[in-house]
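Asks: First the structure, which I've put down as structure tokens, then a few questions once you've had a look.
The values are calculated or read from the model by the stated rules, or taken from the named source; none is laboratory data. Bear in mind the structure is a predicted one, so any value in this text is a computation, not a measurement. Cβ placement follows ideal geometry from the backbone for every residue including glycine, while neighbour counts extend to all protein chains displayed. Calculation scope for accessible area: heavy atoms of the full protein, side chains included, ligands and nucleic acids excluded. Shrake-Rupley method; radii C 1.70, N 1.55, O 1.52, S 1.80 Å.
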Amino acid sequence: ADSQEMARAMARQVVRVAAGQEKADIIFINTCTVRQHAEDRAFSFVGTLKDWKMRDPNRLLIISGCAAERTKDELRRRFPYVDLVMGAKSIEKFPEIIAEALKEKFSWAKENEGMWEKEEKTNRAASAFVTTMRGCNYTCAYCIVPFVRGREVYRPLDTILEEVRERLIEGAKEIVLLGQTVNSYHHANGQSCNFADLLKAVGGIAGVERLRFMSPHPHYIDDKLIEAMAATPAVCEHIHLPIQSGSNRILSLMRRNYTRELYAGIAQRLRSAIPGISITTDIIVGFPSETEAEFEETLNFIQEISFDGAYCFKFSPRDATEAANHEGQLPQSLKEERLSRLLALTDNLGRAKAKSQIGRKVKVLWETHGEGRTRNNWIVRPLEPAQISPGFTNQVTIEAVKNRLLLGRLSLE
Ligand code: 5AD
Ligand code: SF4
């Protein structure tokens, strides 16, 4: 979402997408630092761009995002040829920073200043992200996000609704509300508004066919929110609700502020209020001091809830976080072994869940010319070549599956 926002700001400065790296005057890298692996990949890419920059010093190399925020000085030292390092905390100021940098560097940016506002390249994606808040007030023991993004700042309701309307004008049919703990949203500007109110307000805008949100925190799921989800037709029958671990001791070490029993209760309430809702989650294995028995609690919790999907991660110690300094760091090999056992389980479950969709007639919103999504978040492709257009919806009968992918036949009504 941040990348899209930055791309829009660039488009306002007459920047267009180049036909490949060699043709580009500007390379912009937006980075993630949530796990070490993400950061390593970004930096090794920056390393490969040295030649590109050296061949034409007039080129502009920009690095932004959370890894840039975390390692500003190191980045400048390791890659002195980078022109601009913009940490995640300055994202709101990004349009001005980029406008300045372009003016300094490129004469055309000066010449064209102010001329192109209306020409903003539209992004015709069927599904659009809308940021509702930035930062996080939690302090999960493993997580670097609060350090690099700061504390929660909520965007005013009017600003959010206005942005939703802009995305609809550009062609979006689905809106995905985004925040680190998206459901802690509250805004008291004249009238008070919490996340349930926000959902209803966005869901009430004509043209919002589908509404999703990411990622909620279990602590802020109450009956009012579940009611709002059930009562707002646009809200899709899917929730991505991170659990992280199935062991109460580990959850408490993680400072997650809920137990597995509380989570199971939420899942049950969601399922009875919203029939057919699919529930997906995030899981971390190999948190410091996690025992074999505690890891098995996670495995059996996945079966107990019968998740429709899970993103699974090995614990990655992040600098300055509480968990990085915990006793009992586990060896890499053990983390890997647990991850592969977890993946075997979630893959099997996912395949079984996918198979259970065979024979169903579902509404698919096409996101590309070859692929779309059901309301409960399954990815669907046509079984046979078919005329499909992004942004359009078809009734599809699911006839086969390929792993987690559903293959279906378009209905002709
Ligand atoms: N190690 C492994 N996974 C992590 N996540 C966040 N921090 C870490 C870490 N230090 C995972 C969590 C979160 C997702 C976005 O990334 O599961 O929900
Ligand atoms: Fe990180 Fe926890 Fe905040 Fe999520 S809720 S961003 S895991 S600190």
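Asks: Within segment 302-335, name every residue whose backbone N is under 19 Å away from a label modeled 7 Å from Cα of Arg255 along the Cβ vector.
Replies: Inside the label zone: 315-329.
Asks: While we're on this one: What is the Cα convex hull volume of segment 67-109 when expressed per residue in Å³?
Replies: Each residue corresponds to 66 Å³ of Cα convex hull volume.
Asks: Roughly how compact is segment 353-413, stated as its Cα Rg over 2.2 N^0.38 Å to two decimals?
Replies: Relative to the rule-of-thumb radius for its length, segment 353-413 sits at 0.96.
Asks: Restricting to lysines 8 or more places apart or on different chains, can you count the pairs in segment 284-366 with Cα atoms under 18 Å from each other?
Replies: Eligible lysine pairs with Cα atoms under 18 Å apart amount to 4.
Asks: I'd like to check one number: the per residue accessible area of the chain, probe 1.4 Å, reported in Å² as a whole number.
Replies: Value for the chain: 48 Å² per residue.
Asks: Can you tell me the mean projection area, over all orientations, of the convex hull of the chain's alpha carbons? Units nm², please.
Replies: Result: a mean projected hull area of 22.0 nm².
Asks: What Kirkwood Rh does segment 137-274 have if only Cα atoms enter the pairwise 1/r average? Answer in Å.
Replies: It works out to 16.1 Å.
Asks: Carbon and sulfur atoms: what percent of the 1.4 Å accessible area of segment 251-316 do they account for?
Replies: Summing carbon and sulfur atoms, their accessible area is 53 percent of the total for segment 251-316.
Asks: Based only on Cα atoms, what mean projected area does the convex hull of segment 131-184 have, in nm²?
Replies: Computed as one quarter of the Cα hull surface, the answer is 4.2 nm².
Asks: Report ³J(HN,Hα) in whole Hz for each residue of segment 76-85, in order, from the Karplus equation J = 6.51 cos²θ - 1.76 cosθ + 1.60 where θ = phi - 60°; Gly and Pro get x.
Replies: In residue order, the calculated couplings are 5, 5, 6, 10, x, 7, 6, 7, 9, 10 Hz.
Asks: Separate question: What whole-number volume per residue, in cubic angstrom, does the convex hull of the C-alpha atoms of segment 8-104 give?
Replies: Residue-normalised Cα hull volume stands at 102 Å³.
Asks: Please list 3J(HN,Hα) in residue order for segment 224-235, calculated via the Karplus relation 6.51 cos²θ - 1.76 cosθ + 1.60 where θ = phi - 60°; whole Hz, with x for glycine and proline.
Replies: Residue by residue, segment 224-235 yields 5, 5, 4, 4, 4, 4, 5, 8, 9, x, 5, 5 Hz.
Asks: Gaussian network model of the chain, Cα springs within a sub-10 Å range: biggest mean-square fluctuation belongs to which of Ala293, Ala201, Ala126?
Replies: Among Ala293, Ala201, Ala126, the largest GNM mean-square fluctuation belongs to Ala293.
Asks: For a quick check: with amide H placed at 1.01 Å from N, whose amide H comes under 5 Å from Gly65's, ignoring anything fewer than 5 positions away on the same chain?
Replies: Thr31, Met86, Ala88
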